[in-house]
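Reviewing the structure listed below.
What follows draws every value from the coordinates through simple rules; no lab data is involved. Keep in mind that what you see is a predicted model, and the values were worked out from it rather than measured. Methodologically, a virtual Cβ is constructed for each residue, glycine included, from the backbone with ideal geometry; neighbour enumeration extends over all protein chains shown.
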Amino acid sequence: MNSSLPLGVLISGSGTNLQAIIDAIERGELTAAIRVVVSNRSDAYGLTRARRYGLPAVVIPHKDFSSREAFEAELIRTLQDHNVELVVLAGFMRLLSPFFIRAFPQRIMNIHPALLPAFPGTHAQRQALEHGVRISGATVHFVDEEMDHGPIIAQAAVPVYPDDTEEGLSARILAQEHRIYPQAIQLFAEGRLEVRAGKVIVHNEARFPAATLRSPESA
Ligand code: GRF
């Protein structure tokens with residue numbers, strides 16, 4: 001029996017990715033244990049989700065701290081107190097400084113609702129619609145010192161239609177986020193991720209070189 005990877009999940013909002021991680025653990029597809037959920041906002045619905053499963057849920061309001069470093073020092077202390085080995089950013093809306101990132105080298109993951117390096121930053125889905133791309137998606141990556149940047153672990157693609165609304169496209173992408181985030185964490189838990197020269201090697205990955213997504217698809 002493998003031991004569970006201890007996770008700390010950072011949220012700011014609804015926490016549907018947190019829920020997907022909880023569900024994957026419950027189904028036995030993810031060999032991990034959420035040790036603590038931390039939100040910088042006291043009204044984040046994800047806190048309710050965490051408490052429903054008896055998970056420690058801590059609020060650390062960034063506004064209570066005089067500096068980013070003081071806020072991050074408290075975050076680090078909380079994660080270390082819970083013996084967290086992998087930090088999972090799940091809709092966490094604060095930029096993390098090198099001070100925080102250096103405390104968990106190669107042990108912070110983020111999910112972004114676009115195919116990075118396209119459309120980093122906020123409103124990635126709106127950016128995709130405004131640009132008129134035909135395919136977008138979701139990216140899980142290790143966090144480095146740039147925003148929405150760092151070695152890419154997993155991506156999933158979805159079609160984009162010119163008459164999509166931002167909400168509709170966001171929902172389509174979110175469904176894929178919920179699939180690839182638990183998978184990426186499981187790869188980490190299995191020790192199958194290796195970062196070499198800024199790129200992720202996935203050991204023993206299944207390959208489907210003929211798989212394609214075309215958009216528009218021929219009728
Ligand atoms: C997701 O789209 C994620 O990619 C982005 O913020 C959203 C969080 O959603 N960074 P949730 O809080 O997990 O529901």
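Quick look at the values:
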quantity: Packing rank of 85-92, 146-153, where each peptide gets the mean count of other beta carbons within 10 Å, highest leading; calculated: 85-92, 146-153
quantity: Mean ellipticity per residue at 222 nm, deg cm²/dmol - from DSSP H runs of n ≥ 4 across the chain, formula -39500 (n - 2.57); calculated: -10000 deg cm²/dmol
quantity: Pairwise FRET efficiency - Phe99 versus Arg27, Cβ, R0 = 35 Å, nearest 0.05; calculated: 0.45
quantity: Ranked Tyr45, Tyr161, criterion: other C-beta atoms within 10 Å, fewest first; calculated: Tyr161, Tyr45
quantity: Cα-based equivalent ellipsoid, the chain: semi-axes from gyration tensor eigenvalues, Å; calculated: 28, 21, 17
quantity: Under Karplus coefficients 6.51, -1.76 and 1.60, residue-wise ³J(HN,Hα) of the stretch 85-96 in Hz, glycine/proline x; calculated: 9, 10, 9, 10, 8, 10, x, 8, 9, 10, 6, 9
quantity: Amide H contacts under 5 Å for Ser136, placed H, 5+ residues apart; calculated: Val158, Val160
quantity: Cα lying deepest toward the dipole's positive end in the stretch 27-106, options Ser42, Ala73, Leu89, charges on Cβ; calculated: Ser42
quantity: Anisotropy class of the stretch 1-106 from Cα gyration tensor, a/c 1.5 cut; calculated: oblate
quantity: Beta bridges per DSSP with both ends in the chain, % antiparallel, nearest 5; calculated: 45
quantity: 18 Å reach of a label modelled at Glu167, 7 Å along Cα-to-Cβ, counting backbone N of the stretch 110-128; calculated: 123-127
quantity: Amide H contacts of Leu10 (H built 1.01 Å from N, under 5 Å, at least 5 apart or other chain); calculated: Val38, Val88, Leu89, Ala90
quantity: Magnitude of the charge dipole, the stretch 63-156, Cβ model with Lys/Arg +1 and Asp/Glu -1, debye to 20; calculated: 240
quantity: For the stretch 96-219, size of Cβ-based charge dipole, Lys and Arg +1, Asp and Glu -1, in debye; calculated: 420
quantity: For the stretch 4-21, Karplus couplings with θ = phi - 60° (6.51, -1.76, 1.60), whole Hz, Gly/Pro x; calculated: 7, 6, x, 10, x, 10, 9, 10, 9, x, 5, x, 6, 5, 4, 4, 4, 5
quantity: The stretch 156-176-the stretch 6-53 distance, computed between alpha-carbon centres (Å); calculated: 23
quantity: Cα-centre dipole for the chain with unit charges at Cβ (Lys and Arg positive, Asp and Glu negative), debye to 20; calculated: 280
